[in-house]
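The values are calculated or read from the model by the stated rules, or taken from the named source; none is laboratory data. In this text, all values refer to a predicted model and were calculated from it rather than measured experimentally. Here the Cβ is made from the backbone with ideal geometry for all residues, glycine too, and neighbour counts use every protein chain on show.
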Amino acid sequence: MALKKARRTSPNAELSITSMMDMMTIILVFLLKNFSANDVSVAPSDMLQLPSSTTSKAPELAVNLVIAKNQVVVDGVAVLDLTQVPDEDNPGQSMIVVPEDEKRGQVITKLYDRLLEKAEAAKTLAEQSGSEDHAFKGRILIQCDKELPFGVLREVMYTAGQAQFGEFKFVVYKVE
Amino acid sequence: MAVKRKGIEGAEELNLVPIMNLVTILIPFLLMAAEFVTLAVIDSTLPAIGPPPPVEEQPDKPPLNLSLAITNKGVTVLGADAVLHPEGAAPVVEGEERPPTVPCKSGGYCMSLDDYNWEELTRTLALIKDEYPDDENVILVPDSRVKYEIIVKSMDASREDKSNRGPDGVARTLFPFVVIAGGAIN
């Protein structure tokens with residue numbers, strides 16, 4: 001048979017990996033081009049989809065506040081769950097809100113406590129280092145889901161403002 | 001020559017296996033560190049708490065407090081009536097709200113992000129920038145039901161005018177400093 005014949009003619013056939021090397025080299029160059037060591041990382045999911053923007057400012061390291069559709073997360077630790085309530089003005093539709101019992105006036109108590117801790121820690125660190133570069137400036141990175149109503153964002157921003165974070169940096173996907 | 005003949009006849013294949021090993025290890029590592037979407041940030045501050053800074057005397061022009069009120073009916077430009085309505089604002093019919101400066105494309109209520117007329121908003125703001133070239137601040141006053149992506153888009157629309165590029169290809173800067181106001185808390 002043909003197969004038997006072929007095997008007989010070249011008993012030690014080696015795999016030619018040259019073409020595979022070509023491919024690998026191209027992939028390597030492509031990946032090297034995309035390489036980035038970014039300070040800020042996003043874990044996109046159904047609950048957190050960032051909006052796109054034409055801004056060109058690069059993100060920098062700060063306290064990371066994530067407002068997903070179902071919860072609020074500060075530096076990787078979940079702080080608060082958001083709930084859905086029926087929308088009174090649009091019957092049949094629901095609306096994401098901060099639960100009433102988590103709030104004291106406009107301030108979200110759990111979030112306020114957590115952010116205040118972060119602010120105090122950052123201030124202690126700034127005092128110990130003593131350099132201007134590490135001074136506490138109240139910067140906070142906000143990753144917010146694009147579908148969330150402004151009402152939730154406003155309460156979170158107000159709470160952050162009360163906890164001495166006044167410089168907001170909204171994280172977005174960059175589009176050209 | 002003898003050497004040359006040997007070079008051709010006895011040509012051995014380069015042993016690529018060690019390089020393959022290296023590349024196979026590098027590729028997963030680089031794949032993990034690869035970034036397929038670029039992140040960026042938009043700066044914003046809280047409205048200043050405390051007494052306002054002393055206003056410099058500008059007898060010619062009253063200060064521009066440019067604000068954008070964003071609702072589900074469109075975007076209303078506030079604080080620039082001198083530019084938009086030089087002959088005085090159109091009279092508002094009793095019992096009716098004043099229509100937004102930049103209404104939705106479909107009229108009535110804006111259903112989606114693209115329903116807002118962002119090009120028209122940028123054009124309007126460019127007109128205001130012509131009158132107030134030194135002003136760089138804009139205050140956003142969104143309704144509490146407005147989605148976050150619409151707020152981000154309105155920041156984009158007020159930051160620069162992409163249709164008006166200078167000779168070096170840089171878009172004209174309009175009002176890059178955004179302050180988000182709490183809006184009417186109801």
When you scan region B:107-132, how many residues do you find that are part of a loop (DSSP other than H, G, I, E, B) and touching a residue at least 60 places away in the same chain (Cβ under 8 Å)? 1
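Give A:Glu155, A:Glu147 a once-over and let me know the one that is under 16 Å from A:Gln71 (Cβ atoms), acidic (Asp, Glu) and surrounded by 19 or more Cβ atoms within 10 Å (Cβ to Cβ). Steps first, please.
Values: A:Glu147 fails: surrounded by 19 or more Cβ atoms within 10 Å (Cβ to Cβ).
When all the criteria are applied, what remains is A:Glu155.
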Out of curiosity, is A:Asp22 acidic (Asp, Glu), within 11 Å of chain B (Cβ to nearest Cβ), free of Cβ contacts under 8 Å to residues at least 24 places away in the same chain and surrounded by 13 or more Cβ atoms within 10 Å (Cβ to Cβ)? no
Here are some conditions: (1) outside any loop (DSSP other than H, G, I, E, B); (2) modelled with pLDDT under 90. A:Tyr112 meets all but one. Which one does it not meet? (2)
Of all residues in region A:158-176 being more than 7 Å from chain B (Cβ to nearest Cβ) and outside any loop (DSSP other than H, G, I, E, B), which is farthest from the chain's Cα centre (by Cα)? A:Gln162
Do you know which residues across region B:171-186 are in contact with a Pro (Cβ under 8 Å, 6 or more places away or on another chain) and either at pLDDT 80 or above or of a type in the set (D, E, K, R) (or both)? B:Val179, B:Ile180, B:Ala181
Counting only helices (runs of 4 or more DSSP H) wholly inside region B:1-106, the ones holding at least 1 residues that are within 14 Å of chain A (Cβ to nearest Cβ) and at pLDDT 60 or above are B:17-33
Test: B:Val152 is under 23 Å from A:Lys169 (Cβ atoms), crowded, with 21+ Cβ neighbours inside 10 Å and more than 9 Å from chain A (Cβ to nearest Cβ): no
Within region B:146-169, can you find the residues that are at pLDDT 85 or above and not acidic (Asp, Glu)? B:Val146, B:Lys147, B:Tyr148, B:Ile150, B:Ile151, B:Val152, B:Lys153, B:Ser154, B:Met155, B:Ala157, B:Ser158, B:Arg159
Which of the numbered conditions does A:Leu111 fail, given that it passes all the others? Conditions: (1) without any contact (Cβ under 8 Å) to a residue 12 or more places away in the chain; (2) among the aliphatic types (A, V, I, L, M); (3) buried (at least 19 other Cβ atoms within 10 Å of the Cβ). (1)
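Filter region A:47-71 for residues that are away from every other protein chain (no Cβ under 14 Å) and either under 21 Å from A:Phe165 (Cα atoms) or of a type in the set (Ser, Thr, Tyr) (or both) and give the result. Spell out how you get there, then give the answer.
Step one: list which residues in region A:47-71 are away from every other protein chain (no Cβ under 14 Å), which gives A:70-71.
Selection gives A:Gln71 alone.
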